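This report concerns only the one structure given below.
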Amino acid sequence: MSDMYREIMVNPDTPAGKKFLKGFFPVMTGICVVFGVVFWPFLIGALAFLLLAIFVGPKMEVEYEYLYVNGELDIDAIYSKQKRKRVCSYDVEHLEVLAPEKSHALDSYMNRQGAKFDDYSSKKAPEKTYVLVFNEEKGQKIIKVELDDAIIADIRRIAPRKVNLY
């Protein structure tokens with residue numbers, strides 16, 4: 001058995017609204033501090049905007065890193081290129097189906113009740129995205145990712161009947 005290790009970085013575009021809010025919180029903090037010198041209730045607003053800038057602001061910009069090692073896919077979220085958090089981890093043994101995003105092999109899975117859907121792709125049009133359906137204890141989990149051909153080939157080697165490339 002050969003060992004396989006692949007890392008893929010996916011950088012989705014940050015929406016304009018999130019970019020605006022990331023800059024809005026510190027500006028409003030400063031404005032509230034200036035007005036708080038004259039009228040003290042503005043200091044409460046300054047504290048609120050400061051907390052938003054510290055805790056919510058960094059989560060506005062996110063990148064995803066896929067780490068594939070011998071049949072296990074780990075997905076990490078990297079917030080503002082500073083903080084990394086493990087979002088999920090999957091084993092190919094629990095894979096139900098892997099197919100391109102627009103494949104008809106996914107039709108019966110996409111409309112199921114109780115299935116959870118997560119999108120870890122860049123959401124850019126020309127990128128080739130795949131949908132993976134996993135069976136978990138809590139139900140089915142559907143994830144959308146951008147995998148390269150080497151990872152698809154290795155998953156196909158491990159579970160050939162679960163990979164649909166059409």
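Charges on Cβ only, +1 for Lys and Arg, -1 for Asp and Glu, centred on the Cα centroid of the chain; of Leu98, Leu165, Ala115, which one is farthest towards the dipole's positive end? Toward the positive end, the furthest listed residue is Ala115. Identify which of Leu98, Leu73, Leu21 has the largest mean-square fluctuation in a Gaussian network model of the chain, with springs joining Cα atoms closer than 10 Å. Looking only at Leu98, Leu73, Leu21, the biggest GNM fluctuation is shown by Leu21. In sequence order, segment 44-56 has phi-based couplings of 5, x, 4, 5, 5, 5, 5, 5, 5, 5, 7, 9, 9 Hz under the Karplus curve 6.51 cos²θ - 1.76 cosθ + 1.60, θ = phi - 60°, and Gly or Pro positions carry x. The H on the amide N of Glu96, modeled in the peptide plane, is under 5 Å from the matching H of Val133, Phe134, Asn135, each at least 5 residues off or on a different chain. So I have [x] 18.3; [y] 16.2; [z] 15.5, and one of them is Kirkwood radius over Cα pairs in Å calculated from this model. Which one is it? Answer by label: [x]. Taking the protein heavy atoms of segment 91-166 in the context of the full set of protein chains, the accessible area attributed to carbon and sulfur is 48 percent at 1.4 Å.
Dividing the alpha-carbon radius of gyration of segment 94-135 by the rule-of-thumb value 2.2 N^0.38 Å gives 1.17. Rounded to the nearest whole Hz, the Karplus-based 3J(HN,Hα) values (6.51 cos²θ - 1.76 cosθ + 1.60, θ = phi - 60°) of segment 139-154 follow the sequence x, 8, 10, 10, 10, 10, 9, 10, 9, 8, 5, 5, 5, 4, 5, 5, with x at glycine and proline.
Among Ala99, Ala77, Ala153, the residue with the largest mean-square fluctuation in a Gaussian network model of the chain, with springs joining Cα atoms closer than 10 Å, is Ala153.
Given contacts defined as C-alpha pairs under 8 Å and at least six residues apart, what's the relative contact order of segment 126-166, whole-number percent? Could you put the intermediate results ahead of the total?
Numbers: 30 pairs, mean separation 12.1, N = 41.
Worked out over segment 126-166, it gives 29 percent.
Taking a ≥ b ≥ c as the square roots of the eigenvalues of the Cα gyration tensor of segment 68-166, is the shape rounded (a/c under 1.5), prolate (a/b larger than b/c) or oblate? Walk me through the intermediate numbers first.
Working: a/c = 1.33, a/b = 1.26, b/c = 1.05.
Verdict is rounded for segment 68-166.
Computed from point charges on the beta carbon alone (+1 for Lys and Arg, -1 for Asp and Glu), the dipole magnitude for the chain about its Cα centre is near 580 Debye.
Treating each Cα of segment 1-53 as an identical point scatterer and summing with the Debye formula, the log10 of I(q)/I(0) at q = 0.21 Å⁻¹ comes to -0.76.
Just the number: Rg to Rh for segment 1-98, Cα atoms, Kirkwood Rh, two decimals.
Numbers: Rg = 20.2 Å, Rh = 16.3 Å.
Rg/Rh for segment 1-98 comes to 1.24.
The GluC sites (Glu not before Pro) of segment 128-160 that DSSP puts in a loop, and whose beta carbon has at most 15 other beta carbons within 10 Å, are Glu137.
The values are calculated or read from the model by the stated rules, or taken from the named source; none is laboratory data. Keep in mind that what you see is a predicted model, and the values were worked out from it rather than measured. Ideal geometry is used to build each Cβ from the backbone, glycine not excepted, and the neighbour counts take in all protein chains shown. Please note that ligands, DNA and RNA were not included when accessible areas were found on the heavy atoms of the full protein model with its side chains. Shrake-Rupley method; radii C 1.70, N 1.55, O 1.52, S 1.80 Å.
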